[in-house]
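Reading through the structure tokens given below for one structure.
The values are calculated or read from the model by the stated rules, or taken from the named source; none is laboratory data. These numbers come from a predicted model, not from an experiment. Cβ sites come from the backbone with ideal geometry, for glycine too, and all protein chains shown count toward neighbours. Surface areas here come from the heavy atoms of the whole protein model, side chains and all, with no ligands, DNA or RNA. Shrake-Rupley method; radii C 1.70, N 1.55, O 1.52, S 1.80 Å.
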Amino acid sequence: MTIRIRELSKVYKLGVERVHALRGVDLDIGKNEFVAIMGASGSGKSTLMNVLGCLDRPSRGVYELNGKPTHRMGAAQLARIRNEEIGFIFQSFELLNRATALKNVMLPMIYSRRHWRSARKRAKAALDRVGLADRMSHKPNQLSGGQRQRVAVARALVNEPSILLADEPTGNLDSVTTHEIIELFRQLHREGQTIVIVTHEEEVAANADRIVRLRDGRVLSDHPTAEDPIHRRWLAGAAAAAAEAALKEGLAEGAPA
Amino acid sequence: MILVRIAIQTFGLALGQIWANKVRSLLTTLGVIIGVASVVAVIAALQGLRATVLQEFEKLGAKRVYIDGTLPRSQWHSGRWRDVQLKIDEVKAIRDRCESITSITPEWWGSYAVEYGDRKVAAAQTVGIWPTWHDIVGRQVIQGRPFTAIDDSERLFVCLINDKAIEELDLPREPVGEFILLAGRRFKVVGVVETVQLALFGGGDTSTEVFVPFGTAQVLNPDGWINDAWGSLASPDKVGDAKAEIGFVLSKMRNLRGGDEPTYQIEVLQQFIDQFNAMAAGITAGAGGIVGISLLVGGIGIMNIMLVSVSERTREIGLRKAIGARPMVVMIQFLVEAVTLCLAGGAIGLGVGQGLIMAIKAIPDSPLKDASVPAWAVLLAVGFSAGTGVIFGMFPAIKASRLDPIEALRHE
């Protein structure tokens, strides 16, 4: 099991108020799974994402990543886990504007003990893998949104993380580039990469194997995508809408006849 | 290991940033530039002044050491002056064993009648010397020759005289080869010793002087004693060493124990050097104040720009942490940036200070013509600027290292 979470809760203090962001979450994610985490804002999905990414520590409960008890680790150890085990992809890319695509992808290896000698070679390979072999010396402002997110994906992949964590990766992209990035994720998944993606778009979640829905800090449902009732309803709705659109189009075409 | 690598990489990146923001960097480091330039200029100027002053002292005899035997006040009633006077063996021992003394001469003083033809000086100052006397005291033989070792060891009746003696005895203007009577004995004049007029040390009317070899002097008066000895220091700043060495040799030869009062005294023109050193210390302290203030102001400038930088780059810090930068690594990164900025300022300051010194040296007859920036001042300047970077960069760097990555990534 890549991720094993038991009884995980997270409490924030907002002034005198205590906010229960997570209230006892149990979750297992296996190797090579592609999981979508969904939920309304305030459902706790961002908090869960932060804990999964070792950016935040749970107040209570167990989070084991590849058998390592991260809930017992200190800041420096967590930093190392983030560096070696986790690849982050953010909604707003978070690239360094001063640096070229290649330098951006090399960044995680600066903080790594394992790969810094081969950083350049590895970064080139990662950029090649996301289809940006010809854009290595471009700076982020010379790249399109989709290309920027590809650079970010390359950066996330470069240290060969055991999980790829994407937080609304298509939130800042138009539908064409969204499709591109989703395709890239599917390709990585086919190549064996474990992927956890936080999204509120059923369209994006449709590509995952499994959908975990959160509400009020608890797991509301956890089904394979094809069996998820909400997703099925959405699929039906989408199919109906498509049929309606096709019908309208057909009527419009048929009208003169 | 990883910290060193990060530090080196950051140093390169920071240099690039400084170059990319030349004007901003220059203004930010102005305080450091002024501080370093002034410390370098003041140190170089003082070095120059010191060289000039020491050269003056050398002319006046800063290298001269005066040694004589003396009776401590507590023994004035019980002891005899005669017993504490320098012995020739002691003078030789100082010559042979004190490394900081390059040469030495004993002085034997007497007063005898001198006659030439029908002219007579009733009480002419008569001094028994070694040939080294001329160099040590700075009065050379301007006619004829100085004494030789043979003059001394064979106790030959030869003498040197001064201009006043030529005048008083009505000797020919070139008296070498003439014979005079000194204490009723026939002495051959072998040379003339120059008369030196010094404004500060001895001057006024000179008297009739006759110099004889030290060995010969003891023939004139077998009961006479060595009045004193003059030594010459290897260099003016060897005063402390010389005093210690001479003291050691004399104490040992006189069987003085630790608590005994010395029966000799050693004098140097030290007080002038001390005065100068005090003045130099005063100037250094004053300059230190200026440097301190400008480095403080410079440091605050550095801190300000680093705080702005941390705030501007909050998201970047968040990202770096998210992809695995430890808090320590982030701190080192910002600290190295601050230090690099200060070092760049320090380098410019060094250049400005060097320029100031060159300008001062270009002034004709400047007493600072020997001013130059010593290597240790360069190191000091580098140290000061790096220190400023560390001290004032620490707070922003710690601030950056403590940022919560989640908060930082949400920062607008």
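What to note about this one:
- Long-range Cα-Cα pairs in region B:54-171 (distance over 19 Å), rounded percent: 62
- For the pair region B:351-412 / region A:48-62, the C-alpha centres are spaced 44 Å from each other.
- Computed over protein heavy atoms with a 1.4 Å probe, the accessible surface of chain B works out to 49 Å² per residue.
- Region A:98-150 versus region B:138-171: alpha-carbon centroid distance in Å: 92
- Listed residue (B:Ser294, B:Gly224, B:Phe395) projecting farthest to the positive dipole end of chain B, Cβ model: B:Phe395
- Taking only the Cα atoms of chain A, the radius of gyration and Dmax are 20.1, 74 Å.
- Residues B:Leu181 and B:Trp81, FRET efficiency given R0 of 30 Å [Cβ-Cβ distance, rounded to 0.05]: 0.45
- Label separation (A:Arg57 vs A:Ser175): 4.6 nm, computed from points 7 Å beyond Cα along the C-beta direction.
- Computed E for A:Leu247/A:Arg215 - FRET, C-beta separation, R0 35 angstrom, nearest 0.05: 0.45
- For the chain pair A and B, buried accessible area totals roughly 2100 Å², probe 1.4 Å, rounded to the nearest 100.
- Sparsely packed loop sites in region B:225-265 (the trypsin sites (Lys or Arg not before Pro) outside DSSP H, G, I, E and B with at most 11 other Cβ atoms within 10 Å) comprise B:Arg257.
- Share of carbon and sulfur in the accessible heavy-atom surface of the protein assembly as shown [1.4 Å probe, %]: 56
- Probe 1.4 Å, all protein chains present, accessible-area order of B:Trp133, B:Trp225, B:Trp230, largest first: B:Trp225, B:Trp230, B:Trp133
- Efficiency of FRET from Cβ geometry, B:Trp109 and B:Lys369, R₀ 41 Å, rounded to 0.05: 0.50
- Positive-end extreme of charge dipole, region B:1-160 - chosen from B:Gly117, B:Leu30, B:Leu54 (charges on Cβ): B:Leu30
- Where chymotrypsin sites (Phe, Trp or Tyr not before Pro) fall in DSSP loop in region B:1-83, at most 14 other Cβ within 10 Å: B:Trp76
- Region B:64-268 - charge dipole about Cα centre, Lys and Arg +1 at Cβ, Asp and Glu -1, debye rounded to 20: 480
- If only the Cβ of Lys and Arg carry +1 and only the Cβ of Asp and Glu carry -1, the dipole of the protein assembly as shown around its Cα centre is close to 2660 debye.
- Helix-only [θ]222 nm of chain A, DSSP H runs n ≥ 4, -39500 (n - 2.57) each, per residue, nearest 500: -12000 deg cm²/dmol
- Candidates B:Pro146, B:Met253, A:Ile5 compared by Cα position along the dipole of the protein assembly as shown: farthest toward the positive end lies A:Ile5, with charges placed on Cβ.
- Estimated at the nearest 10 Å², the accessible area of A:Ser46 is 60 Å² with a 1.4 Å probe.
- Spacing of the modelled spin labels on B:Trp19 and B:Gln55, each 7 Å from Cα toward Cβ, amounts to 4.3 nm.
- Pairs exceeding 31 Å between alpha-carbon atoms, taken from A:Lys139/B:Lys321; B:Lys22/B:Lys369; A:Lys31/A:Lys121; B:Lys63/B:Lys87; A:Lys13/A:Lys103; B:Lys92/B:Lys369: B:Lys22/B:Lys369; A:Lys13/A:Lys103; B:Lys92/B:Lys369.
- Calculated over region B:64-268: convex hull of Cα atoms, volume per residue (Å³): 137
- Computed over the Cα atoms of the protein assembly as shown, pair by distinct pair, the Kirkwood hydrodynamic radius stands at 33.6 angstrom.
- Calculated mean residue ellipticity at 222 nm for chain B: -18500 deg cm²/dmol, from DSSP H runs with n ≥ 4 weighted as -39500 (n - 2.57), summed, divided by the residue count and rounded to 500.
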